[in-house]
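Everything below concerns the one structure shown next.
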Amino acid sequence: MRSAPDDITELLASLAIFADLSRPELERVAHTLEERYFAQDERVLREGLSGSGFYIVLEGEAAAIAGGRRVNTLGRGEFFGEISVLLGQAPVADIVATRPLRCLVLPGELLKEFLQANPRVCYRILVAEARKLANAVRSVG
């Protein structure tokens, strides 16, 4: 039977934001992340309260709800929480599990160091954020 870090390493290897990392790099990352589970309808992050970390969805689905309106759906390989951690601001949306949710979580206080140590992951996150922004602008106009 494989250990949990090995399983996490395999999962990380299958996610786009970690695609450029070598096996040893993936193993190192796996040891910095905590696995968390959320029941359906459980609130993961609350709008207006301090952000607690960087979350990567492994299984399940979550909704981003801002101002009482669903603004996004998050599935496998997508992430959330990074903006509030990086800006030192409260989340601008609730994140609620719409199906049982399994995530990897990097505590907020470790995110900056993690991104500096993993510039290729940082780049992929930046590209994903640029896509989100472009899609948001397209949907408005």
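Is the range 83-100 home to any residue that is over 21 Å from G48 (Cα atoms) and buried (at least 18 other Cβ atoms within 10 Å of the Cβ)? I'd like the intermediate steps shown before the answer.
As a first pass, look at the range 83-100 and keep what is over 21 Å from G48 (Cα atoms): 99-100.
Add one more test, that the residue is buried (at least 18 other Cβ atoms within 10 Å of the Cβ), and what stays is none.
No, the range 83-100 contains no residue that is over 21 Å from G48 (Cα atoms) and buried (at least 18 other Cβ atoms within 10 Å of the Cβ).
Take the conditions hydroxyl-bearing (S, T, Y), more than 24 Å from A130 (Cα to Cα) and assigned to a loop (DSSP other than H, G, I, E, B) and apply them to T9. Does it pass?
Values: hydroxyl-bearing (S, T, Y): yes; more than 24 Å from A130 (Cα to Cα): yes; assigned to a loop (DSSP other than H, G, I, E, B): no.
For T9, the condition - hydroxyl-bearing (S, T, Y), more than 24 Å from A130 (Cα to Cα) and assigned to a loop (DSSP other than H, G, I, E, B) - is not met.
Say whether the condition of being under 21 Å from L15 (Cβ atoms) and buried (at least 17 other Cβ atoms within 10 Å of the Cβ) is met by at least one residue in the range 127-134.
No, the range 127-134 contains no residue that is under 21 Å from L15 (Cβ atoms) and buried (at least 17 other Cβ atoms within 10 Å of the Cβ).
Looking for whichever is closer than 17 Å to I125 by Cα and part of a strand (DSSP E or B) here; the options are V71, V57, V29, V96. Which one fits? Reasoning before the result, please.
Details: V71 fails: closer than 17 Å to I125 by Cα; V29 fails: part of a strand (DSSP E or B); V96 fails: closer than 17 Å to I125 by Cα.
One residue alone meets the criteria, V57.
Restricted to the range 7-50, and to residues that are in contact with a Ser or Thr (Cβ under 8 Å, 6 or more places away or on another chain) and among the acidic types (D, E), which residue is farthest from S84 (Cα to Cα)?
Out of the qualifying residues, it is E27.
R76 - would you say it is modelled with pLDDT of 90 or more and either closer than 23 Å to I8 by Cβ or not β-branched (V, I, T) (or both)?
On the way: modelled with pLDDT of 90 or more: yes; either closer than 23 Å to I8 by Cβ or not β-branched (V, I, T) (or both): yes.
Judged against the criteria, R76 is a match.
What's the number of the condition L104 fails, among (1) modelled with pLDDT of 90 or more; (2) surrounded by fewer than 20 Cβ atoms within 10 Å (Cβ to Cβ)?
(2)
Hey, can you tell me all the residues within the range 39-54 that are crowded, with 20+ Cβ neighbours inside 10 Å and either aromatic (F, W, Y) or within 20 Å of I125 (Cα to Cα) (or both)?
Initial filter on the range 39-54 (crowded, with 20+ Cβ neighbours inside 10 Å): 44-45, 51, 53-54.
Hits for the range 39-54 are L45, G51, G53, F54.
Can you list residue pairs whose Cβ atoms sit under 8 Å apart, with the first residue in the range 16-27 being farther than 15 Å from G77 by Cβ and the second being part of a helix (DSSP H, G or I) and of a type outside the set (S, T, N, Q)? Count only pairs 6 or more apart in sequence or on different chains.
If the second residue must be part of a helix (DSSP H, G or I) and of a type outside the set (S, T, N, Q), the pairs left are R23/A13; E27/P5.
The values are calculated or read from the model by the stated rules, or taken from the named source; none is laboratory data. It should be emphasised that the depicted structure is a prediction, and the values quoted were computed from it without experimental measurement. Note that we place each Cβ from the backbone using ideal geometry, even for glycine, and neighbour counts take in every protein chain shown.
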